Amino acid sequence: MAFAADGLIEANDGTKSCAWHGGLPDYARYHDTEWGRPVADDIRLFEKICLEGFQSGLSWLTILRKRDNFRAAFDGFDFEKVAKYTDADITRLLADKGIVRHRGKIVSTINNARRALELRTEFGTLAAYFWSFEPKPEERPSPVTWAAIVANPTTPASVRISKDLKKRGWSFVGPTTIYAFAQAMGLVNDHVEGCKCRAEVEKARRAFKRPSRSG
């Protein structure tokens, strides 16, 4: 998809937003109501990091349109349940036409659920762990422009998170995947300057209480 130089798209009502949703109703709704808004719920965080892993090599729109199927297939991404999956579940998932049937990514999701339990034991919540990596303002582009985002598919923070997760045994968590995860769960606000959602998301981030470690 080709974008304007400023990375913005204008709607019929004259408002502008990040162009990557292309004006598609479901994609625009995801952009407007979910993407970049701070998340502290562990189940949703686990879902987001797993789906970003499934997205690797595909478009996010493909994953978004299969998200309900993924939720049904993986017990709503309740990682306590997913951690108990067996070979029979892998066979079941490989036969599920509603999801991305990639053995490596399916096995990775089960592995990561087990690692998530370990992380929760150590930190109290997954949220406390991930929010501890929130980048300092000086690590972020200012202003946040489309050019700055596309020029950097990884960030120092996404590299740090990726390295730490890999040391802990997680898989499909490369720095590019983790940057996409950070964008989606609100660890950073990458709604570009001029997007109607940028100020709103920034306000939500200011009001958001960062989870603290309790483990």
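The values are calculated or read from the model by the stated rules, or taken from the named source; none is laboratory data. In this text, all values refer to a predicted model and were calculated from it rather than measured experimentally. FYI the Cβ positions are ideal-geometry reconstructions off the backbone, even for glycines, and counts take in every protein chain you see.
Odds and ends about this structure:
- The residues of the stretch 37-58 that are at pLDDT 95 or above and either farther than 18 Å from Ala184 by Cβ or part of a loop (DSSP other than H, G, I, E, B) (or both), listed by number, are Arg37, Pro38, Val39, Ala40, Asp41.
- Scanning the stretch 84-128 for residues that are hydrophobic (A, V, I, L, M, F, W, C), surrounded by fewer than 17 Cβ atoms within 10 Å (Cβ to Cβ) and within 30 Å of Phe208 (Cβ to Cβ) gives a single hit, Leu117.
- If the condition is being over 22 Å from Arg44 (Cβ atoms), among the hydroxyl-bearing types (Ser, Thr, Tyr) and part of a helix (DSSP H, G or I), then the stretch 78-121 contributes only Thr91.
- Some residue of the stretch 143-152 being of a type in the set (Gly, Ala, Ser) and under 14 Å from Phe46 (Cα atoms): no
- Complete set of residues in the stretch 100-126 that are small (Gly, Ala, Ser) and under 14 Å from Leu165 (Cα atoms): Ser108, Ala113, Ala116
- Odd one out for Glu10 among (1) in contact (Cβ under 8 Å) with a residue 40 or more places away in the chain; (2) farther than 22 Å from Pro175 by Cβ; (3) among the charged types (D, E, K, R): (1)
- The residue that is farthest from Ile106 (Cα to Cα), counting only those in the stretch 158-173 that are touching a Lys or Arg at 6+ places or on another chain (Cβ under 9 Å) and surrounded by 20 or more Cβ atoms within 10 Å (Cβ to Cβ), is Leu165.
- Condition check for Asp26: in a loop (DSSP other than H, G, I, E, B), of a type in the set (D, E, K, R) and either out of contact with any helix residue (DSSP H, G or I) (no Cβ under 6 Å at 6 or more places or on another chain) or at pLDDT 95 or above (or both): no
- For the residues Phe70, Phe46, the requirement of being without any contact (Cβ under 8 Å) to a residue 40 or more places away in the chain, within 16 Å of the chain's Cα centre (by Cα) and surrounded by 16 or more Cβ atoms within 10 Å (Cβ to Cβ) singles out Phe70.
- Within the stretch 17-36, the set of residues being surrounded by 17 or more Cβ atoms within 10 Å (Cβ to Cβ) and either in contact (Cβ under 8 Å) with a residue 24 or more places away in the chain or under 20 Å from Trp170 (Cα atoms) (or both) comprises Ser17, Cys18, Ala19, Tyr27, Tyr30, His31, Asp32, Trp35, Gly36.
- Test: residue in the stretch 189-209 that is out of contact with any Asp or Glu (no Cβ under 9 Å at 6 or more places or on another chain), assigned to a loop (DSSP other than H, G, I, E, B) and surrounded by fewer than 19 Cβ atoms within 10 Å (Cβ to Cβ): yes
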